[in-house]
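J.: Handing you this structure, nothing more for now.
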Amino acid sequence: MTLTIRRYRESEYTALCSLEEANTPGECKPAVFIRQAGVLFPETFLVADRDGEVIGYTIGARVQQDPTQAWIIRLAVREKDRRQGVGAELVAGILAAFRSMSIREVFLSVSPANVPGRNLYDRNGFFEVDYCGDYFGAGVDRTIMKRTIE
């Protein structure tokens, strides 16, 4: 099976909405998020495509106040395709995109309870720089991680 990391295509909107919905708790509106991300972040909205099927994606965003910094604002892999290196390929892809944009520092937030996610980021050179209780509202804590790009 061939795994390719590439830019998002508008034709994948419905598939990504389903993936986002399966990975988004509560009252979030994934359809709005996916639609807007496709317009706002065309260079850093990447999908993992296995044999023509979207199985994951990541979205990155440059910090407007400091163009040398960016955030990975979302990374999701379909549940049955996890622990197969897809997340690592998505991280590598987004870091390469950031590098081409002359970004030097990359940040992300991850749930402290998301041990597989935290391990993925640790293995890819990210380290904890902050812990924010109630980051996304009451009881939704986040660990902030950072990595420098050389």
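J.: Answer with yes or no whether Arg99 is touching a Gly at 6+ places or on another chain (Cβ under 9 Å), of a type in the set (Lys, Arg) and either under 25 Å from Glu150 (Cα atoms) or not in a helix (DSSP H, G or I) (or both).
T.: No.
J.: Right, something else. Do we have any residue at all in the stretch 61-73 that's of a type in the set (Phe, Trp, Tyr) and under 18 Å from Phe33 (Cα atoms)?
T.: Within the stretch 61-73 (the criterion being of a type in the set (Phe, Trp, Tyr) and under 18 Å from Phe33 (Cα atoms)), the answer is yes, since at least one residue qualifies.
J.: From the list Val86, Val39, pick out the single residue that is in contact with a Leu (Cβ under 9 Å, 6 or more places away or on another chain) and of a type in the set (A, V, I, L, M).
T.: Val86
J.: Would you mind telling me which numbered condition in (1) in a loop (DSSP other than H, G, I, E, B); (2) modelled with pLDDT of 95 or more; (3) under 29 Å from Met1 (Cβ atoms) Arg83 fails?
T.: (2)
J.: If you don't mind, there's one more thing I want to ask. Can you find even one residue in the stretch 62-83 that is surrounded by 14 or more Cβ atoms within 10 Å (Cβ to Cβ), within 19 Å of Gly125 (Cα to Cα), hydroxyl-bearing (Ser, Thr, Tyr) and in contact (Cβ under 8 Å) with a residue 12 or more places away in the chain?
T.: Checked against the condition, which is being surrounded by 14 or more Cβ atoms within 10 Å (Cβ to Cβ), within 19 Å of Gly125 (Cα to Cα), hydroxyl-bearing (Ser, Thr, Tyr) and in contact (Cβ under 8 Å) with a residue 12 or more places away in the chain, the stretch 62-83 yields no hits at all.
J.: Test Asp141 against the stated conditions and say whether it is exposed (fewer than 13 other Cβ atoms within 10 Å of the Cβ) and among the acidic types (Asp, Glu).
T.: no
J.: Something else about it: Kindly list, by first and then second residue, each pair from a residue in the stretch 117-138 that is free of Cβ contacts under 8 Å to residues at least 60 places away in the same chain to a residue that is part of a loop (DSSP other than H, G, I, E, B) and surrounded by fewer than 11 Cβ atoms within 10 Å (Cβ to Cβ), limited to pairs with Cβ atoms under 9 Å and residues at least 6 apart or on different chains.
T.: Taking only residues 6 or more apart or on different chains, the pairs are Gly133/Gly139; Gly137/Gly26.
J.: Given the conditions (1) under 16 Å from Asn23 (Cβ atoms); (2) assigned to a loop (DSSP other than H, G, I, E, B); (3) in contact with a Ser or Thr (Cβ under 7 Å, 6 or more places away or on another chain), and given that Val140 satisfies all but one, which numbered condition is not satisfied?
T.: Of the numbered conditions (1) under 16 Å from Asn23 (Cβ atoms); (2) assigned to a loop (DSSP other than H, G, I, E, B); (3) in contact with a Ser or Thr (Cβ under 7 Å, 6 or more places away or on another chain), the odd one out for Val140 is (3).
J.: Pick out the one residue from Glu21, Glu89, Glu12, Glu43 that is outside any strand (DSSP E or B), surrounded by fewer than 20 Cβ atoms within 10 Å (Cβ to Cβ), among the charged types (D, E, K, R) and free of Cβ contacts under 8 Å to residues at least 40 places away in the same chain.
T.: Result: Glu21 is the single residue among Glu21, Glu89, Glu12, Glu43 that is outside any strand (DSSP E or B), surrounded by fewer than 20 Cβ atoms within 10 Å (Cβ to Cβ), among the charged types (D, E, K, R) and free of Cβ contacts under 8 Å to residues at least 40 places away in the same chain.
J.: Out of the stretch 48-67, which residues are touching a Leu at 6+ places or on another chain (Cβ under 9 Å) and aliphatic (A, V, I, L, M)?
T.: Once the filter is applied, which keeps residues that are touching a Leu at 6+ places or on another chain (Cβ under 9 Å) and aliphatic (A, V, I, L, M), the stretch 48-67 yields Ala48, Val54, Ile55, Ile59, Ala61.
J.: Let me ask something else. Does Ile72 satisfy being under 21 Å from Ser18 (Cα atoms), part of a strand (DSSP E or B) and in contact with a Lys or Arg (Cβ under 8 Å, 6 or more places away or on another chain)?
T.: So Ile72 does not fit the description; no.
The values are calculated or read from the model by the stated rules, or taken from the named source; none is laboratory data. Small disclaimer: the values here were computed from a predicted structure and weren't measured. Neighbour counts run over all protein chains shown; Cβ positions are idealised from the backbone, glycine included.
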